[in-house]
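Heads up, the thing below is written out as structure tokens.
Values quoted throughout were computed directly from the atomic coordinates according to the rules given, and no laboratory measurement underlies them. Note that the structure is predicted; figures quoted are calculated from it, not measured. Reconstructed Cβ throughout: ideal geometry from the backbone, glycine too, with neighbour counts over all protein chains shown.
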Amino acid sequence: MTEFVRVEREAGLLTLCLSRPDKKNALTRAMYSAMSEALLAADADSSVRAVLLTGGAECFTSGNDVADFLQAPPTSLDSPVFAFMRALFELKKPIVAAVAGPAVGIGTTLLLHCDLVYVSRDAKLKMPFVSLGLCPEFGSSLILPRLLGHAKAAELLLLGEAFTGAQAAEWGIANAALEDGPATLAKAREMALRFSQLPPSAVEVSKRLMQAPGREELRRVIIEEGELFGQRLRTPEAIEALSAFMQRRKADFSKFG
Ligand code: COA
């Protein structure tokens, strides 16, 4: 367990709150493991009707911990980051996300696997995989071009352009953009608690039906992306980009042909 993921219960709602503010909720292996365990336990516990995932009113997450990626890059699809992706992808219960402040990397792509997403209007979402020498993950290379068209998805995934919560709502990545962090948390909690009033197996079977079309293809893409991502973490391009972030300098890709 880790103190950086707080797990709270309220009626039928299980809340996972990322709580590592000094590192902008960057996700360590221990945090991924804590989240996976909580998601698996939620599915096994009939009193849990929905899960709420948040980073609080100021910051969702700055994505994978960059120091972790440099020191201990995931070696297989059983690594904590991939186990977390699998647990979220396979979750049977509904999951709601509340996003305020930065949502970087997996902080954005995991939203594509939540059932309901509420964002603060000025949340800053970003998928800087390519500038980090990496490649899209968690199905984003399949989902985003389909949702947004290739051209818009290329801006987000190839150029790594940031976008706001308001844009995420406009484009259908989020349900609604709220005025600030506290309003976002309140709205997400209110909507997540609604599941406690609904018949749970009808919710579960309906979620499964909604996910069914294209599910095998998506599962295959997530694995393919994960394998490439793991390989890319060991490339000189990625090591230069990740080291530059940690050293607070601009990455220099001029030597790569
Ligand atoms: N991994 C490890 N440490 C991280 C981190 C990450 N993903 N994101 C932020 N941090 C650390 C910073 O190194 C800094 O640590 P320090 O105080 O010990 O120097 C601290 O968190 C605060 O970050 P800082 O960049 O100073 O905050 P900011 O408000 O200026 O910017 C972000 C916040 C989230 C916009 C910025 O940190 C960022 O872009 N991080 C993205 C990292 C990334 O590329 N993630 C994707 C990985 S696939």
Review point. When the convex hull of the Cα atoms of segment 192-245 is projected onto a plane and the area is averaged over all directions, what value comes out in nm²?
Key: 6.4 nm²
Review point. Once the Cα gyration tensor of segment 113-257 is found, what semi-axes does its equivalent ellipsoid get, as square roots of 5 times the eigenvalues, in whole Å, sorted largest first?
Key: 32, 21, 14
Check your understanding: Given 37 °C and 0.692 mPa s, how large is the Stokes-Einstein diffusion coefficient of segment 101-162 in µm²/s, with Rh as the Kirkwood radius over Cα pairs?
Key -> 280 µm²/s
Study note, to complete from the structure: All alpha-carbon distances of segment 19-119, grouped into 5 Å bins from 0, give the whole-percent distribution 3, 13, 23, 26, 20, 11, 4, 0
Point to revise | log₁₀ of I(q)/I(0) at q = 0.17, 0.29, 0.35 Å⁻¹ - segment 94-133, Debye sum with one point per alpha carbon | key: -0.44, -0.98, -1.18
Practice item. Per DSSP H run of at least 4 residues, take -39500 (n - 2.57); add these up for the chain, divide by its residues and hand me the 222 nm value, nearest 500 deg cm²/dmol. Key: -13000 deg cm²/dmol
Review point. Taking the Cα atoms only, what angle lies between the long axis of helix 236-246 and the longest principal axis of the chain, rounded to 10 degrees?
Key: 70 degrees
**Study point:** Length gained when the stretch SER76-ALA186 is fully extended (0.36 nm per residue, less Cα-Cα span)
**Key:** 35.8 nm
Check your understanding: Pick from ASP122, ASP68, ASP22: which residue has the top mean-square fluctuation in a GNM of the chain where Cα pairs under 10 Å get a spring?
Key -> ASP22
Exercise for review: Run the dipole for the chain about the Cα centre, Lys and Arg Cβ at +1, Asp and Glu Cβ at -1, nothing else charged, and hand back the magnitude in debye, nearest 20.
Suggested key: 100 debye
Check your understanding: Which residue, SER62, SER19, SER243, has the most motion in a Gaussian network model of the chain that connects Cα atoms within less than 10 Å?
Key -> SER243
Practice item. Give LYS24/LYS126; LYS23/LYS152; LYS124/LYS152; LYS23/LYS92; LYS23/LYS124; LYS24/LYS92 a once-over and call out the pairs whose C-alpha atoms are over 21 Å from each other. Key: LYS23/LYS152; LYS23/LYS92; LYS24/LYS92
Practice item. Arrange the following residues from fewest to most other Cβ atoms within 10 Å of their Cβ: LEU178, LEU53. Key: LEU178, LEU53
Review point. Over all Cα pairs of the chain, how is the pair count split among 10 Å bins, expressed in % and running from 0 up to the last occupied bin?
Key: 7, 32, 39, 18, 3, 0
Check your understanding: Order of SER131, SER254 from fewest to most other C-beta atoms within 10 Å?
Key -> SER254, SER131
Check your understanding: What are the extents of the Cα atoms of segment 57-181 along their three principal axes, listed from largest to smallest and rounded to whole Å?
Key -> 40, 33, 28
